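Structure first, commentary second.
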Amino acid sequence: MNRTTRSVLRPGSDLSRFTSGTLPTDQYRPPWSLGQWPAQLQLEAKSVAAIVSQLLLRTADGRGRCAVNEILLKTSGLPNIIREGNTPMITTIIQGGRAQGMQLMDDALMALVEQGRITPREAYTKASNKARFEEGA
């Protein structure tokens, strides 16, 4: 979960409602100071129910866009991971939660490549694990 995601979800999570948004991450500035960081993590650890991250990619035919999503659902261990700032563990939670509907962005990218909806090059540019997509890029 990155700072952009946290800043978008925080206002809605204060009110226990679903919040979504799209932000240009290269221009993002956190809305709180470093001194507020522990309080923000505490709030988010309690209130987050799910996080969906979405990218829009060029289609393989070049005539449109298609959405690809990473999905994280709340588990019993997620609040502690957020509170401790141990965000690298979130990948492990998503991998273990596939049966509940969670998915990693790279897995969703690979599925779109296999379906022919996006090119391997397009997937490579957005992938976290670039090596997984290098052959076709």
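Things worth noting here:
- Computed over the alpha-carbon atoms, the range 69-137 gives an Rg to Rh ratio of 1.06, Rh here being the Kirkwood radius from the mean inverse distance.
- Karplus-derived 3J(HN,Hα) values for the range 109-121, using 6.51 cos²θ - 1.76 cosθ + 1.60 with θ = phi - 60°, are 4, 4, 4, 5, 5, 5, 7, x, 7, 10, 7, x, 5 Hz; glycine and proline are entered as x.
- The range 87-95 - phi-based ³J(HN,Hα) in whole Hz, Karplus 6.51/-1.76/1.60, Gly and Pro as x: 4, x, 6, 4, 4, 5, 4, 5, 4
We did not get these values from a lab; they are worked out from the coordinates using the rules stated. Worth saying up front: this structure is predicted, and the values here are computed from it rather than measured.
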